[in-house]
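Peer 1: First the structure, which I've put down as structure tokens, then a few questions once you've had a look.
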Amino acid sequence: FKGGDTCEYLLSSGRFLGEKVWQPHSCMMHKYKNSEAKNCLIDKHIVFIGDSRIRQLFYSFIKLINPQVKEEGIKHGNIPFEDKSASIKVDFLWYPEVNGSMRQRIKSWTEGSVPKPHIIVVGAATWSIKIHNGSNEALAQYKINITSIAPLLEKLAISSDVYWVLQDPVYEDMLSENRKMITNEKIDAYNEAAVRILNSSSRNSKAKVKVFSVSKLIAQETIMKSADGLHLPESSRDTNAMILMNVYCNKIMKPVDGSCCQPQPPLTLIQKIAFCFFTLSIIGYLIISLIHRNNYRKNKSCTDLESGEEKKPAISTPNVSTLEMLLHCFCKLGLIMTYFYLCDRANLFMKENKFYTHSSFFIPIVYILVLGVFYTENTKETKVLNREQTDEWKGWMQLVILIYHISGASTFLPVYMHIRVLVAAYLFQTGYGHFSYFWIKGDFGVYRVCQVLFRLNFLVVVLCIVMDRPYQFYYFVPLVTVWFMIIYATLAIWPQIVQKKANGNCLWHFGLLLKLICLLTCIYFLSYSQGAFEKIFSFWPLSKCFELNGNVYEWWFRWKLDRYVVFHGMLFAFIYLALQKRQMISEGKGDPLFSNRVSNVLLFISIVSFLTYSIWASSCKNKTECNELHPSVSVVQILAFILIRNIPGYVRSVYSSFFAWFGKISLELFICQYHIWLAADTKGILVLIPGYPMFNVLVSTFIFVCVAHEISQITNDLAQIVVPKDNSTLLKRLLCIAGFFSGLHFFSAMQDQSRH
């Protein structure tokens with residue numbers, strides 16, 4: 001289902017999500033702030049012409065520019081408004097009937113040196129029905145008058161945006177006696193006449209008067225709340241004003257979450273190069289496949305005519321060359337990236353705004369948790385945070401985060417605070433996992449570092465190229481990457497202290513603790529010195545990686561939000577491995593982690609701590625204040641969960657293979673959701689099948705999960721090729737990668753120059 005003309009959809013169709021959120025058909029509507037409205041309308045002149053209903057729309061529109069405006073102008077007269085700071089003029093002209101006076105005013109803009117308004121909003125009919133008591137003669141005269149005005153509006157529409165507002169229905173039971181003649185039947189007749197005449201007068205589709213008919217749909221749902229049965233309630237006219245703002249401003253301001261009326265962005269130079277590369281990869285792979293297929297046919301077993309037996313070829317399974325594997329991976333990746341581009345950059349599929357309800361978040365959560373329990377299996381090992389358990393942990397956390405994103409639950413503060421703990425838990429695992437590896441293995445080689453960096457960053461680098469987004473946009477990957485490098489630097493810098501060395505002399509443990517204290521001091525200093533942090537990451541080439549919208553503030557905010565949790569993960573790993581080495585914990589199958597008494601006490605404290613944190617998070621009233629406390633207290637719930645999950649032996653001995661499967665592709669799921677599950681860079685929801693929300697989610701989710709799984713396999717295959725174990729070969733590959741990024745930077749600079 002093609003997205004089509006989203007401007008036309010915005011002006012003509014949609015539905016309510018809940019009671020107050022309007023969802024246009026096929027596209028997303030941006031909620032404009034005062035500053036954004038001023039930036040869009042700077043040096044503009046807007047005119048509203050019509051009756052009291054248009055006056056209502058006029059007031060709602062100017063309140064988007066200045067919310068302090070009060071509705072205290074002359075009721076049956078012209079009302080001017082001016083914002084001198086942005087040189088914006090908005091006028092309401094009182095013309096309650098479509099007649100000669102209205103025609104004369106419109107004609108004055110088409111002749112002589114009178115400056116034309118940039119936006120003209122016109123609409124009237126109810127006064128004609130009221131004054132002439134709903135007579136058929138009045139309707140006939142209305143048609144004549146619109147017929148005479150239509151060519152003038154068409155002429156204005158060549159250089160200005162002209163909107164004809166159709167008449168909203170009325171709530172007949174609430175109308176006063178002097179308005180009883182205004183019936184919905186009459187209103188429909190007047191609307192039908194206006195639409196027919198305006199459409200027939202349009203000879204040039206580019207200079208067409210736009211019919212604002214969506215107000216009619218909004219009124220059908222809300223007119224019952226009207227104070228007098230004729231005028232719309234405030235929330236409805238505010239929605240109409242916001243629609244007008246989206247129609248005009250989206251193509252100028254290009255908001256990410258305002259896909260209505262936005263043209264498809266042109267392909268950048270880097271995107272064109274990427275397209276050519278993937279096309280060549282697909283062609284190359286097809287050629288090699290055809291050659292192999294031809295060779296296979298030649299070597300195919302043939303029947304011996306004398307004996308009647310088959311002769312098998314000498315080689316039954318030919319070795320796949322590195323080039324073929326490389327082309328195969330890039331062929332699949334090229335097809336997947338095409339799907340990404342079509343979903344979130346081309347105007348091919350529809351997008352919708354998110355709308356949060358408690359049921360849309362909690363029902364799927366309960367469902368997946370119950371489903372996860374059905375896939376319970378025994379673990380291969382019963383150690384604390386063993387591989388199956390950490391995969392399970394990542395899996396269920398990722399599924400909860402996905403549900404959080406698609407349901408728009410960030411607007412509900414208690415849910416937001418709990419999700420922040422899940423993000424912190426990922427970083428905790430980063431600290432725990434990498435510290436444990438370096439401490440136990442003592443492997444600080446370049447191969448290990450390159451493998452980790454490649455697996456973390458490959459997909460994001462490709463998406464930055466294909467989707468034309470900065471690296472910092474996918475904030476979690478830069479966050480994990482930087483913390484990995486910090487962990488590596490902390491342990492690799494002289495003196496290198498590893499478990500083998502520390503076992504020989506206990507003093508090395510104090511040396512490692514000293515390193516961790518130095519790390520904590522640096523983290524503390526940077527968290528309270530925004531200037532120093534921004535200076536470090538504003539140097540080239542770091543600035544190219546961590547800037548977003550021209551500064552590194554977003555990066556500082558993301559880093560600061562979970563600044564201590566990686567350190568907590570490293571410290572936990574150190575304490576746990578020390579206790580394990582000294583056999584102070586029992587990790588046998590079915591055995592509690594400590595003695596029964598200690599285990600029961602710790603389990604009780606953990607449950608109380610877990611619930612206490614949840615109560616505190618649920619009682620949060622201010623997001624800023626809670627975010628300030630989060631870095632220090634999030635570890636409480638993380639440690640409580642680890643102890644609850646690992647102290648009882650029978651709980652530690654089982655895991656959910658369902659969650660573990662998702663855990664193995666959690667990074668790909670987190671990144672892919674930006675463009676092929678959500679839409680508009682996570683601001684909305686991708687709509688593959690309009691009109692069937694649940695079926696749409698099922699289909700898009702199935703494709704999304706399959707794609708994430710495929711990308712995980714592609715990344716693993718390419719990691720073996722791009723990052724070989726042989727040091728000399730690895731050095732050559734690193735030089736190639738450096739050349740690739742140099743070229744990328746060169747083309748990026750060319751792009752920026754052409755844009756400016």
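Peer 1: Taking Asp161 as the residue in question, decide whether it is in the same structural domain as Arg55 (by the TED database), acidic (Asp, Glu) and closer than 15 Å to Glu8 by Cβ.
Peer 2: yes
Peer 1: Please find, among Gly372, Gly433, Gly408, the residue that is open to solvent by less than 20 Å² (accessible area, probe 1.4 Å) and at negative phi.
Peer 2: Gly372
Peer 1: Condition (residue is of a type in the set (S, T, N, Q) and under 23 Å from Ala617 (Cα atoms)) applied to the range 369-392: is it met by at least one residue?
Peer 2: There is no residue in the range 369-392 that is of a type in the set (S, T, N, Q) and under 23 Å from Ala617 (Cα atoms).
Peer 1: Can you tell me which of (1) assigned by the TED database to the domain that holds Ala125; (2) crowded, with 22+ Cβ neighbours inside 10 Å is the one Thr6 doesn't meet?
Peer 2: (1)
Peer 1: Taking Ile689 as meeting all but one of (1) over 22 Å from Val373 (Cα atoms); (2) assigned to a helix (DSSP H, G or I); (3) open to solvent by less than 40 Å² (accessible area, probe 1.4 Å), write down the number of the exception.
Peer 2: For Ile689, the failing item is (2).
Peer 1: Restricting the search to the range 618-660, which residues are crowded, with 19+ Cβ neighbours inside 10 Å and in contact with a Cys (Cβ under 9 Å, 6 or more places away or on another chain)?
Peer 2: The one that is crowded, with 19+ Cβ neighbours inside 10 Å and in contact with a Cys (Cβ under 9 Å, 6 or more places away or on another chain): Cys626.
Peer 1: Something else now. Within the set of pairs 6+ apart or on separate chains, which have a first residue in the range 287-300 that is under 21 Å from Leu326 (Cα atoms), a second that is open to solvent by less than 100 Å² (accessible area, probe 1.4 Å) and of a type in the set (Asp, Glu), and C-beta atoms under 7 Å apart?
Peer 2: Matching pairs, first to second residue: Ile288/Glu324.
Peer 1: Six or more apart or on different chains, Cβ atoms under 8 Å: show the pairs whose first residue is in the range 81-101 and more than 22 Å from Glu71 (Cβ to Cβ) and touching a residue at least 40 places away in the same chain (Cβ under 8 Å) and whose second is among the β-branched types (Val, Ile, Thr) and part of a loop (DSSP other than H, G, I, E, B).
Peer 2: Ser87/Ile42
Peer 1: Quick check on this structure: which one of Glu388, Glu392, Glu381 is assigned by the TED database to the domain that holds Ser586, at negative phi and not in a helix (DSSP H, G or I)?
Peer 2: None of the other options fit; the residue is Glu381.
Peer 1: Hey, can you tell me all the residues within the range 597-628 that are under 26 Å from the mean Cα position of the chain (by Cα) and not hydroxyl-bearing (Ser, Thr, Tyr)?
Peer 2: Residues satisfying the conditions are Ala617, Cys620, Lys621, Asn622, Lys623, Glu625, Cys626, Asn627, Glu628.
Condition check ((1) outside any helix (DSSP H, G or I); (2) open to solvent by 20 Å² or more (accessible area, probe 1.4 Å); (3) touching a Ser or Thr at 6+ places or on another chain (Cβ under 9 Å)) across all residues:
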| position | (1), (2), (3) |
| --- | --- |
| Phe454 | no, yes, yes |
| Val461 | no, yes, no |
| Asp468 | yes, yes, yes |
| Gln496 | yes, yes, no |
| Trp508 | no, yes, no |
| Ile517 | no, yes, no |
| Phe537 | no, yes, yes |
| Ser543 | no, no, no |
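Peer 1: Considering only residues that are polar (S, T, N, Q) and either touching a strand residue (DSSP E or B) at 6+ places or on another chain (Cβ under 7 Å) or modelled with pLDDT under 60 (or both), look in the range 283-308 and name the one that is most open to solvent (accessible area, probe 1.4 Å).
Peer 2: In this case the residue turns out to be Thr303.
Peer 1: Sticking with this structure for a sec: Give me a count of the residues in the range 680-725 that are farther than 30 Å from Asp443 by Cβ and of a type in the set (Val, Ile, Thr).
Peer 2: The qualifying residues number 10.
Peer 1: Checking the condition surrounded by 21 or more Cβ atoms within 10 Å (Cβ to Cβ) and among the β-branched types (Val, Ile, Thr), which residue from Val446, Val415, Val400 passes?
Peer 2: Testing whether each residue is surrounded by 21 or more Cβ atoms within 10 Å (Cβ to Cβ) and among the β-branched types (Val, Ile, Thr) leaves just Val415.
Peer 1: For the range 639-659, what are the residues that are touching a strand residue (DSSP E or B) at 6+ places or on another chain (Cβ under 9 Å) and small (Gly, Ala, Ser)?
Peer 2: Result: Ser653, Ser656, Ser657.
Peer 1: Output the residue which, of all residues in the range 60-74 that are over 33 Å from the mean Cα position of the chain (by Cα) and surrounded by 10 or more Cβ atoms within 10 Å (Cβ to Cβ), is farthest from Val170 (Cα to Cα).
Peer 2: Among those residues, the one meeting the criterion is Val69.
Peer 1: Just need a number here: residues in the range 587-600 that are open to solvent by 80 Å² or more (accessible area, probe 1.4 Å) and part of a helix (DSSP H, G or I).
Peer 2: So the count comes out to 3.
The values are calculated or read from the model by the stated rules, or taken from the named source; none is laboratory data. Computed from a predicted model, the values in this text were never measured in an experiment. Every residue, glycine as well, gets a Cβ built from its backbone with ideal geometry; the counts of neighbours run over all protein chains shown. With ligands, DNA and RNA removed, areas are computed over all heavy atoms of the protein, side chains included. Shrake-Rupley method; radii C 1.70, N 1.55, O 1.52, S 1.80 Å.
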